[in-house]
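One structure, pasted below without further comment.
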Amino acid sequence: MNVIEVKNAYKTYKTGEDSFNALNGVSLTVNEGEFVAIMGASGSGKSTFMNMLGCLDKPTSGEYYLDGIDVLSMSSDQLSDIRNRKLGFVFQGFNLISRTSALDNVILPMIYYGIPEEQRHDRGMKALEIVGLEKRWDHMPNEMSGGQQQRVAIARAIINDPPVILADEPTGNLDTKTSIEVMEFFVNLNNKTGKTVVLVTHEPDIADYCKRVVKFKDGNIISDDTKEEWRKKRNRET
């Protein structure tokens, strides 16, 4: 089943009399349960594409269906609702509220989703247990390592049980050892829960954890490989 379907998407930006396409007729389908890396250099279009997938921006033209829903026909309020129900976000900078405990950071999306207060604590603790931080539920972000903060962010992303997790350079602020730990968690999350994960990275070693690697250049998809195909290409290049 397709959870993400993008058809012939263009994104055009205008600067004065000039214009340029950040996306040039991009089409991509992601099936339920896939773990996909979106790769590309700065200016390749991958961030523009990720913003579109996250319902944070709309293409100038084209089509986008998220879990079968025509996203581009929605109002701002409807887009906000679908982001909360269908998507979980993990960012490079963690985006945790600094003076709020790990548990309160995790349960925040449930408040927007209208989950009754009596259910939030138990669900929040279960999410923290999944990422191995249930004993640090009352710690503030500045009392945790970068890896622990990212795991809190992952718990927050999965709290409403969305079908799709979008991760934007999730290891960008982490050292190598911690990056490996976070990526292994994403692998386990994908394998054990079947959640679809789409991850933006510019690092080949991070893309290597994914089951599929899509590369962008100049607003176009230039390759779309399985993990095996990707590894063969990497080996030939090295």
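Convert each backbone phi in the range 43-57 into a coupling constant with the Karplus relation 6.51 cos²θ - 1.76 cosθ + 1.60 (shift: θ = phi - 60°), then list the ³J(HN,Hα) values in order as whole Hz, x for Gly and Pro.
So the Karplus estimates, Gly and Pro as x, are x, 7, x, 5, 6, 4, 5, 5, 4, 5, 4, x, 6, 9, 8 Hz.
What FRET efficiency, computed as 1/(1 + (r/R0)^6) with R0 = 41 Å and r the Cβ-Cβ distance, is obtained for SER75 and PHE20, rounded to the nearest 0.05? Working shown, then result.
Details: r = 28 Å, r/R0 = 0.69.
The value I calculate is 0.90.
Going by average Cβ neighbours within 10 Å, how do the peptides 222-232, 53-63, 113-123 rank, with the highest at the top? Working shown, then result.
On the way: 222-232: 14.0, 53-63: 17.2, 113-123: 11.8.
Output ranking for 222-232, 53-63, 113-123: 53-63, 222-232, 113-123.
I want to check the label-to-label distance for ARG99 and HIS121. Put each point 7 Å from Cα in the C-beta direction and report it in nm to one decimal.
Each label point is offset 7 Å from its Cα along the Cβ direction, giving 2.4 nm.
To continue, here is another question. Under the definition of Cα pairs under 8 Å and six or more residues apart, what whole-number percent is the relative contact order of the chain?
Across the chain, relative contact order equals 28 percent.
Take each of the peptides 29-40, 186-197, average the number of other beta-carbon atoms within 10 Å over its residues, and list them starting from the highest.
So the peptides 29-40, 186-197, ranked by packing, come out 29-40, 186-197.
Find how much the distance from ASP224 to ASN31 grows on full extension, using 0.36 nm per residue of separation minus their present alpha carbon separation; answer in nm with one decimal. Before the final figure, lay out each step's value.
Working: separation 193, 0.36 × 193 = 69.48 nm, distance 1.38 nm.
Extra length available between ASP224 and ASN31 comes to 68.1 nm.
Strictly over 25 Å apart at the Cα level, which of LYS46/LYS135; LYS211/LYS233; LYS14/LYS86; LYS135/LYS227; LYS14/LYS46 would you flag in this model?
Going by Cα-Cα distance, LYS46/LYS135; LYS14/LYS86; LYS135/LYS227 fall outside the 25 Å limit.
Spelling out what I want: for every residue of the range 87-96, take phi, set θ = phi - 60°, compute 6.51 cos²θ - 1.76 cosθ + 1.60 (Karplus), and round to whole Hz; glycine and proline get x.
Calculated HN-Hα couplings, in order: 10, x, 10, 10, 10, 4, x, 6, 6, 8 Hz.
Also: How many angstrom separate the Cα center of the range 1-44 from the Cα center of the range 93-134?
Cα centroid of the range 1-44 versus Cα centroid of the range 93-134: 31 Å apart.
Helix 176-193 against the longest principal axis of the chain: what's the angle in degrees, Cα atoms only, rounded to the nearest 10?
Long axis of 176-193 versus the principal axis of the chain: about 90 degrees.
We did not get these values from a lab; they are worked out from the coordinates using the rules stated. Small disclaimer: the values here were computed from a predicted structure and weren't measured. With ideal geometry, Cβ positions are generated from the backbone for all residues, glycine too; neighbour counts draw on all protein chains shown.
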